[in-house]
1. Condition test on residue 133, is it open to solvent by 40 Å² or more (accessible area, probe 1.4 Å), part of a helix (DSSP H, G or I) and in contact (Cβ under 8 Å) with a residue 12 or more places away in the chain?
2. Just checking, does the range 250-263 include any residue being touching a helix residue (DSSP H, G or I) at 6+ places or on another chain (Cβ under 6 Å) and among the hydroxyl-bearing types (Ser, Thr, Tyr)?
3. Is there a residue being crowded, with 19+ Cβ neighbours inside 10 Å and either modelled with pLDDT of 90 or more or in contact with a Lys or Arg (Cβ under 6 Å, 6 or more places away or on another chain) (or both) anywhere in the range 173-180?
4. Tell me, yes or no, whether the range 17-37 has at least one residue that is surrounded by 18 or more Cβ atoms within 10 Å (Cβ to Cβ) and within 14 Å of residue 293 (Cβ to Cβ).
5. Among the residues of the range 160-167, is there at least one that is crowded, with 20+ Cβ neighbours inside 10 Å, hydrophobic (A, V, I, L, M, F, W, C) and either under 20 Å from residue 87 (Cα atoms) or touching a His at 6+ places or on another chain (Cβ under 6 Å) (or both)?
6. Do any strands (runs of 3 or more DSSP E) entirely within the range 201-307 hold 3 or more residues that are of a type in the set (Lys, Arg) and open to solvent by 80 Å² or more (accessible area, probe 1.4 Å), and if so, which?
7. Under 7 Å between Cβ atoms, at least 6 apart or on separate chains: pull out the pairs that start in the range 68-81 with a residue that is free of Cβ contacts under 8 Å to residues at least 24 places away in the same chain and end on any residue that is part of a helix (DSSP H, G or I) and open to solvent by 30 Å² or more (accessible area, probe 1.4 Å).
8. Out of all the residues in the range 139-150, is one or more part of a helix (DSSP H, G or I) and not β-branched (Val, Ile, Thr)?
Amino acid sequence: MSEKPAVTLLHRAEYAAARLCLTGLSCLNPATASNLGGWLARRIGPRLPVSRVADANIALAMPKTAAAERAQIISDVWDNLGRTVAEFPHLARLKQDTATGPGWSIANAHILEEMAATRKPVIFFSGHIGNWEMLPPVVARYGLPFASFYRAAGNPLIDRLIIDLRAKAMGCDVPMFAKGAKGARLALRHLAQGGHLGILGDQKMNDGIECRFFNLPAMTASAAATFAVKYDCPIVTGRIIRLGPARLHLEVGPVLMPDQSMPRQDEIGSLTQQLNDRLEKWIREIPGCWLWLHRRWPKELYARKSR
């Protein structure tokens, strides 16, 4: 059994600052908190070095975008990220189908109802799009609470705080699997026991499989496809679309079913490519909704672009 990381004085100071910020955001109404988070992020984020990574990503993926257009997309990315963070403590309290203002809505809810009726494991697939933190609580309200993979925060106190906030938003406790081989084994066991699993599959994974993404080679996590083929379970795709401050819309579908008549590795590759295609479609529709801040493609492509 691995030991828990030691809690240092710095960890406690960081935790106290995080709690103070969350308490302050909780005291605001959801729209005000969202607007504040977006305003701060728009003013700070584009000046950070990581925004140069975003600019390079956009230039690679959509080479016809001009510099001014890329700058606007990057500003939108930071705006969305700031709002997503600021809305986090409010997610549990957002109401469905409000006439105006904060709240959430859903398209194709019948898909979730049909999946819940089967009482079989389901894999939910999305990316860091819109307020992706709203996806688990909405799906849970339709009787399909899902476990998910996550990258643990370096501060164990803040890590626990984030997990607790996610559980509060969902209204129930579900497992969280750390990324890596051990987490994958636990996730497989969870599916085998009839549980549901959520995967954000839009980031680079060096030990994944090569697929196309924006017509470029991209090492891609194949976990969603691998698990779906192994347990013959559906992959329900979905994205959160931001309609306004703390006003969020879940678009469910399409659903991908593994073809068990195909050779296993061929089907895993086919499904993974279909998921990349779905992500690309969503991002092209609203470029500023996606987190462009991570290097998604091979290093040599960036080097070639800079020449």
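1. In short, no.
2. Checked against the condition, which is being touching a helix residue (DSSP H, G or I) at 6+ places or on another chain (Cβ under 6 Å) and among the hydroxyl-bearing types (Ser, Thr, Tyr), the range 250-263 yields no hits at all.
3. Here is the first cut: in the range 173-180, the ones crowded, with 19+ Cβ neighbours inside 10 Å are 174, 177.
Applying the additional criterion that residues be either modelled with pLDDT of 90 or more or in contact with a Lys or Arg (Cβ under 6 Å, 6 or more places away or on another chain) (or both) yields none.
No: zero hits.
4. no
5. Scanning the range 160-167 turns up no residue that is crowded, with 20+ Cβ neighbours inside 10 Å, hydrophobic (A, V, I, L, M, F, W, C) and either under 20 Å from residue 87 (Cα atoms) or touching a His at 6+ places or on another chain (Cβ under 6 Å) (or both).
6. Working: elements: 204-213, 216-220, 235-244, 247-256.
Qualifying strands (runs of 3 or more DSSP E): none found.
7. Sorted first by the residue in the range 68-81, then by its partner, the pairs are 70/55.
8. Yes, because at least one residue in the range 139-150 is part of a helix (DSSP H, G or I) and not β-branched (Val, Ile, Thr).
The values are calculated or read from the model by the stated rules, or taken from the named source; none is laboratory data. From a predicted model like this one, the values you see are computed outputs, not experimental measurements. We place every Cβ from the backbone using ideal geometry, glycine too, and count neighbours over all the protein chains shown. Ligands, DNA and RNA are excluded from the accessible area calculation, which covers all protein heavy atoms including side chains. Shrake-Rupley method; radii C 1.70, N 1.55, O 1.52, S 1.80 Å.
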